[in-house]
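Colleague: Structure in structure tokens, see below.
The values are calculated or read from the model by the stated rules, or taken from the named source; none is laboratory data. Being a predicted model, the structure only gives us computed values, none of them experimental. Side chains are part of the model used for accessible areas, which takes the heavy atoms of the whole protein and leaves out ligands, DNA and RNA. Shrake-Rupley method; radii C 1.70, N 1.55, O 1.52, S 1.80 Å.
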Amino acid sequence: MEFSWDVIACLGLAVLVHVLVYIFVMQKRARSIDGRHVVVTGGSSGIGVCLAIECVTKGAHVTIIARDEKKLKSAVDRMELVRQRPDQKLQYRSLDIGGDYEEVARVLAETEATVGPIYALLNCAGMAICGVFEDVSVRDVHKLMNVNFFGSYNCTRHVLSRMKSAREGIIVFTSSQAAMFGIYGYGPYAASKYALRAMAETIAMESREHGVSVTLALPCDTNTPGFEEEEKSKPRETKIISGGGGLLKPEDMAKAILQDALKGNFVSIVGAESWLITMLGGGLLPWDGFFTNLLHALVIGPLRLFAYGLHKYFNSIIRKCAKEERASKNGSGDKVEAK
């Protein structure tokens, strides 16, 4: 009987911890962006346009930035369909945000002159080029860094000091689950996303006392035009490794990112798989709430064995693909199927 009561007490404690996590962490009050100016980079498609639409539904004035003017106009048309009131300002700017900083600053200042100070900057512009490390051209690596890292750097550099002076503001960096650990075929792409993660962590620490919150979004594979383009350059091994997680809808990822950003959460993820990978690969990430961190402390030890098994599984896929490729080159019919 004593053992049974111990079990009941432990279960009761576990339930209590989860309730406290829900009350003190999950139920943080979201800030309002009604009537505030929100800028979304990469806002012409994918997660970016879905984020822009979400912001419009919450009454924000929204500026979307991308390079393709035709796509930008189409995105604004979609935003118009959910406009909450006639005085909402919805606009776009065609701009290479990974280029000259002075030009980026000039355009952002121009949007502020017409719409008002930027309250939230949602950095969503990004691209992926995959391939075995030495097969990705130097030109493509520079392109990845310009779009994925310098695009976010340039825009953030312009707004950050203004937000600190105003003692309010929200900045979102859209990174990737590839920022949690390196995967076959993702070398330069993962490096650019790791750089975003480091920048987000640093700015969050520097800006918290100035009233500016930072959110690091870590999407898994999401059904966007960018993902379709990414698939064209993925090695076979990469497709097998990353193919088991399914595809998330961009609308779902956008809702999660905006919700976390408005609540001031640093990490934004969707799904159990993303939670596992993020917790294992981001032990020093500033997760919000004592009880959330207590929960992590209780489960992260056993999960380390899960990580070991995951790497063993990935390496077995790579060995099978290499063996099959060698057999094919030697003209052998003895092929090994990679599962």
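Colleague: What is the distance in Å between the Cα centres of the stretch 48-126 and the stretch 168-196?
Modeller: Taking the Cα centre of the stretch 168-196 as reference, the centre of the stretch 48-126 is 23 Å away.
Colleague: Could I ask something else about it? Ranked from the most accessible area to the least, with a 1.4 Å probe and all protein chains present, what is the order of V299, V172?
Modeller: Ranking V299, V172 by accessible area, largest first, yields V299, V172.
Colleague: Can I ask one more? For the chain, what is the accessible area per residue in Å², given a 1.4 Å probe and the full set of protein chains?
Modeller: Ligands and nucleic acids excluded, the result is 51 Å² per residue.
Colleague: For the stretch 51-116, which whole percent of the accessible surface, found with a 1.4 angstrom probe, sits on carbon and sulfur atoms?
Modeller: The C+S portion of the solvent-accessible surface of the stretch 51-116 is 48 percent.
Colleague: Using a 1.4 Å probe and ignoring any ligands, DNA or RNA, find the accessible area of Y313 and quote it in Å² to the nearest 10.
Modeller: Probe radius 1.4 Å; accessible area of Y313 about 100 Å².
Colleague: Sticking with this one: Quote the relative contact order of the stretch 126-188 in percent (integer), defining contacts as alpha-carbon pairs under 8 Å separated by 6+ residues.
Modeller: About 58 percent, as a whole number.
Colleague: Heavy-atom accessible area of S137 with all protein chains present, probe 1.4 Å, nearest 10 Å²?
Modeller: 50 Å²
Colleague: Same structure again: Would you please classify the overall shape of the stretch 186-314 from the alpha carbon gyration tensor, given that a ≥ b ≥ c denote the square roots of the eigenvalues, rounded means a/c under 1.5, and beyond that prolate means a/b larger than b/c while oblate covers the rest?
Modeller: oblate
Colleague: Taking a 18 Å limit on the Cα-Cα distance, which of the listed pairs K71/K232; K143/K193; K28/K255; K234/K255; K71/K239 fall beyond it?
Modeller: With Cα atoms farther than 18 Å apart: K71/K232; K234/K255; K71/K239.
Colleague: Now, a different point. Under the rule a/c < 1.5 gives rounded, and otherwise a/b versus b/c splits prolate from oblate, where does the chain land using the Cα gyration tensor?
Modeller: Here the chain falls in the oblate category.
Colleague: From the Cα gyration tensor of the stretch 81-207, with a ≥ b ≥ c the square roots of its eigenvalues, which class applies: rounded if a/c is under 1.5, or else prolate if a/b is larger than b/c, or else oblate?
Modeller: Here the stretch 81-207 falls in the prolate category.
Colleague: Let me ask something additional. Long-range amide H contacts for G169: which residues qualify at under 5 Å (H placed 1.01 Å from N, peptide plane, sequence gap of 5 or more or a different chain)?
Modeller: The answer is S213.
Colleague: Under the rule of -39500 (n - 2.57) per DSSP H run of 4 or more residues, summed and divided by the residues of the chain, what mean residue ellipticity at 222 nm is obtained, to the nearest 500 deg cm²/dmol?
Modeller: -17500 deg cm²/dmol
Colleague: Considering only protein heavy atoms and a probe of 1.4 Å, how much of the accessible area of the stretch 233-339 is carbon and sulfur, as a whole percent?
Modeller: Carbon plus sulfur share of accessible area: 57 percent.
Colleague: Please enumerate, by chain and number, the aspartates and glutamates with C-alpha under 15 Å from the C-alpha of K312, excluding those fewer than 8 residues away in the same chain.
Modeller: E237
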